[in-house]
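*Asks:* Sharing a structure with you now.
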Amino acid sequence: MKSDLAKEGAWVDAIYYCPHHPDDNCDCRKPKPKLVLQAAKDFDIDLEHSFVVGDLQMDVDLGRVVGCKTILVRDSVVTGDKEAKPGSITSDLLEAARLIVSDVLSPMPKVKN
């Protein structure tokens, strides 16, 4: 991934991942916030003005837990009354990126569930 990005002039400062099995009930597996909070500390990230973009309900849940704005890529389904609603829904990552860039110019309101 890093080499593919470098070919396009882009880079990743760090990669955080959970090596545990979902049944391990660790603190670093989404939607638990340990890795996001570590990244925020490592890079002085303002989570309130940041986004979590993903294609799963757990991505939306993680964003809510850490206080980020959330974007759900539309090819997944969010169902049920108890599930967190994303701040925005997009059809793909490019649309999500455009939404984030436009938010810099005109911030979108946080959705309260």
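The values are calculated or read from the model by the stated rules, or taken from the named source; none is laboratory data. Quick caveat, the model's predicted, so the values are computed rather than measured. Every residue, glycine as well, gets a Cβ built from its backbone with ideal geometry; the counts of neighbours run over all protein chains shown.
*Asks:* Across the range 1-27, which residue is nearest to MET58 (Cα to Cα) among those that are under 19 Å from the mean Cα position of the chain (by Cα) and among the hydroxyl-bearing types (Ser, Thr, Tyr)?
*Replies:* Taking the candidates together, the pick is TYR17.
*Asks:* Okay, moving on. Which of the residues spanning the range 1-31 are in a loop (DSSP other than H, G, I, E, B) and over 26 Å from ASP103 (Cα atoms)? Break it down into steps so the answer makes sense when it comes.
*Replies:* We begin by selecting, within the range 1-31, every residue in a loop (DSSP other than H, G, I, E, B); these are 1, 8-21, 25-31.
The answer is MET1, TYR17, CYS18, PRO19, HIS20, HIS21, ASN25, CYS26, ASP27, CYS28, ARG29.
*Asks:* Is it the case that some residue within the range 92-109 is modelled with pLDDT of 90 or more, of a type outside the set (A, V, I, L, M, F, W, C) and not in a helix (DSSP H, G or I)?
*Replies:* There is at least one residue in the range 92-109 that is modelled with pLDDT of 90 or more, of a type outside the set (A, V, I, L, M, F, W, C) and not in a helix (DSSP H, G or I).
*Asks:* Then there's this: Residue under question is ASP44, and the condition is that it be among the acidic types (Asp, Glu) and modelled with pLDDT of 95 or more; does it hold? Please lay out each step first, then the result.
*Replies:* Numbers: among the acidic types (Asp, Glu): yes; modelled with pLDDT of 95 or more: yes.
The answer is yes for ASP44.
*Asks:* Could you check the range 7-24 and list, in sequence order, the residues that are closer than 18 Å to LEU37 by Cβ and surrounded by 10 or more Cβ atoms within 10 Å (Cβ to Cβ)? So that I can check it myself, show each step before the final result.
*Replies:* Of all residues in the range 7-24, those closer than 18 Å to LEU37 by Cβ come to 13-20.
Answer for the range 7-24, where residues must be closer than 18 Å to LEU37 by Cβ and surrounded by 10 or more Cβ atoms within 10 Å (Cβ to Cβ): TYR16, CYS18, HIS20.
*Asks:* Something else about it: Looking only at the range 63-79, decide whether some residue is exposed (fewer than 14 other Cβ atoms within 10 Å of the Cβ), more than 24 Å from CYS18 (Cβ to Cβ), at pLDDT below 90 and out of contact with any His (no Cβ under 7 Å at 6 or more places or on another chain).
*Replies:* Yes, the range 63-79 has at least one match.
*Asks:* Residues to consider are LYS85, LYS30; find the one that is charged (D, E, K, R), at pLDDT below 95, under 12 Å from the mean Cα position of the chain (by Cα) and surrounded by 13 or more Cβ atoms within 10 Å (Cβ to Cβ).
*Replies:* Working: LYS85 fails: under 12 Å from the mean Cα position of the chain (by Cα).
None of the others qualify; the one that does is LYS30.
*Asks:* Here's something else I'd like to know. Taking only pairs six or more apart or across chains, which ones have beta-carbon atoms under 6 Å, a first residue in the range 61-78 that is within 17 Å of LEU93 (Cα to Cα), and a second residue that is of a type in the set (D, E, K, R) and at pLDDT below 95?
*Replies:* VAL73/ASP55; SER76/ASP55
*Asks:* Looking only at the range 34-61, filter to residues that are under 12 Å from the mean Cα position of the chain (by Cα) and in a loop (DSSP other than H, G, I, E, B); which one of those is farthest from CYS18 (Cα to Cα)?
*Replies:* SER50
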